[in-house]
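Heads up: the structure comes next, in structure tokens.
The values are calculated or read from the model by the stated rules, or taken from the named source; none is laboratory data. What you see is a predicted model; the values in this text were computed from it and never measured. A quick note on method: Cβ atoms are made from the backbone with ideal geometry, for glycine too, and the neighbour counts reach across all protein chains shown.
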Amino acid sequence: MELLIRAARIIDPASGADFIGDIRISGEVIANIGKELPPEAGVREISGRGLVAAPGLVDLHVHLRDPGQTEKEDILSGCRAAAAGGVTSLLCMPNTVPAVDSPETVRYIRDKAKDADAHVYVAAAVSRGLLGTQPCDWRALREAGAAALSDDGRPVLDTRVMAKAMKAAPGLGLTVCAHCEELSLSAGGKINEGAVSAQLGIPGVPAAAEDCGTAREIALAAAYGVPVHICHVSTGNSVAMVRDAKRRGVPVTAETAPHYFALTERELLKRDADFRMSPPLRTEEDRLAVCEGLRDGTIDAIATDHAPHTPGEKADFLAAPNGVVGMETSLAAGITCLVETGVLTLPQLLYRMTRGPAQILGISAGVLCKGAIADLILFDPNEKWTVDPAKLHGKSRNAVFKGRELTGRVKLTVCGGRIVSGGTD
Ligand SMILES: [Zn+2]
Ligand SMILES: [Zn+2]
């Protein structure tokens, strides 16, 4: 692709660059960035006036449901949703059918993703069948192309297996992503345990279920001096534990998801299963603590935990599986709930959605500079739009921001030098 984007506000959060300029894309790379680049014959020009150009978003937590549950999503549809939301790199989770616990399944995903509209990185399972007891052959998974290890959907049941994975991962170049949950505390729970669960008479998942899991992973990271990445932080106590661990030099990183900084358990009063996910929406106090964690850098990354389920599965409030889709609304949710409210500046938000997560995964993405791969987005930071689930690009409709007006809309997504969304004027 030969492309020249004109007069956009260029924000590269990694370098701190923030200026009005032009971006020249040639083939798969950013050939030049500067002020008033010369026009070239045969090069398509796109106006970036009034728009922000930023690195493509990096989403560390996505469920593509492929193989095995392609009625919910598949690799190609999930990546279309990614492109529509400005996500150019994503890490997909291993709780597929079968689970991503063999080199064959890692290779299946990577082969199918070659034709997808986003770069797909694979989180392989820590344990066979995600049962939490028998370690997978992590070296073989790495050699097949896995980028991370996780039993997401569940915690790694056996603490000894988790410790072994965390100790092995750095030497293999793998990031360990931890779903923190003490199952004996969360069993049977449907929503956050608290005022709303009491009012509705529904069994709850206490914040302590997540916090016990967070404490375990931090204890292992501290004991062995090895990194761990904490997934989808939703409680004030887990934010505090990560903050304290970082102060002590423990190599821990953390992500949260838009629903945890935007919404609270009060949404459940509507008895709509689209607002049920794991961990559940918490209290206003937790929400504010998550915002503060994002503000002070305790939380390094915003990931969506994009978890598609069909409308049929989501029809029954209590029987429905956990999960919400999120890749098409994450940037707008961040602008609306973090930037417009003064929690983060726009460059700070972009850092937590680009370079922050890229560093956790150890990939070169998340930068917007000359010579980098052309993964970038153009978005209108001021456009207001109302989320219509019928217009989403993925296969499922379980969006928590449905019907809500958000600010900020992605206009163009370029992935590997190819326009994968927008650009038709
Ligand atoms: Zn999880
Ligand atoms: Zn997940």
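Test residue 356 against the criterion of being touching a Gly at 6+ places or on another chain (Cβ under 9 Å) and either within 16 Å of ligand 1 (Cβ to nearest atom) or on the phi > 0 side of the Ramachandran plot (or both), and give yes or no.
Working: touching a Gly at 6+ places or on another chain (Cβ under 9 Å): yes; either within 16 Å of ligand 1 (Cβ to nearest atom) or on the phi > 0 side of the Ramachandran plot (or both): no.
Criteria not met by residue 356.
Of the listed requirements (1) buried (at least 24 other Cβ atoms within 10 Å of the Cβ); (2) more than 20 Å from the chain's Cα centre (by Cα), residue 250 misses just one: (1). For region 151-173, the set of residues classified as in contact (Cβ under 8 Å) with a residue 40 or more places away in the chain, away from ligand 2 (no atom under 16 Å from the Cβ) and either acidic (Asp, Glu) or at negative phi (or both) consists of 159, 162, 163, 166, 167, 169, 170, listed by residue number.
Of the listed requirements (1) closer than 22 Å to residue 62 by Cα; (2) crowded, with 21+ Cβ neighbours inside 10 Å, residue 368 misses just one: (1).
Evaluate region 298-317: report whether one residue or more is buried (at least 23 other Cβ atoms within 10 Å of the Cβ), in contact (Cβ under 8 Å) with a residue 24 or more places away in the chain, more than 16 Å from ligand 1 (Cβ to nearest atom) and hydroxyl-bearing (Ser, Thr, Tyr). Yes, some residue in region 298-317 is buried (at least 23 other Cβ atoms within 10 Å of the Cβ), in contact (Cβ under 8 Å) with a residue 24 or more places away in the chain, more than 16 Å from ligand 1 (Cβ to nearest atom) and hydroxyl-bearing (Ser, Thr, Tyr).
Give the residue that is nearest to the chain's Cα centre (by Cα), with candidates limited to residues of region 216-242 that are surrounded by fewer than 19 Cβ atoms within 10 Å (Cβ to Cβ) and of a type outside the set (S, T, N, Q). By that ranking, first place goes to 227.
Which residue is nearest to residue 123 (Cα to Cα), if the candidates are limited to region 257-273 and must be away from ligand 2 (no atom under 16 Å from the Cβ) and crowded, with 17+ Cβ neighbours inside 10 Å? Full working, then the answer.
If we filter region 257-273 for residues that are away from ligand 2 (no atom under 16 Å from the Cβ), which is where we start, we get 261-273.
Retained after the next criterion (residues that are crowded, with 17+ Cβ neighbours inside 10 Å): 261-265, 267-268, 273.
Values: 261: 25, 262: 27, 263: 27, 264: 29, 265: 29, 267: 31, 268: 31, 273: 27 Å.
So the residue we want is 261.
Confirm whether residue 367 is of a type in the set (Val, Ile, Thr), farther than 23 Å from residue 257 by Cβ and outside the structural domain of residue 21 (by TED's automatic domain parsing). Yes.
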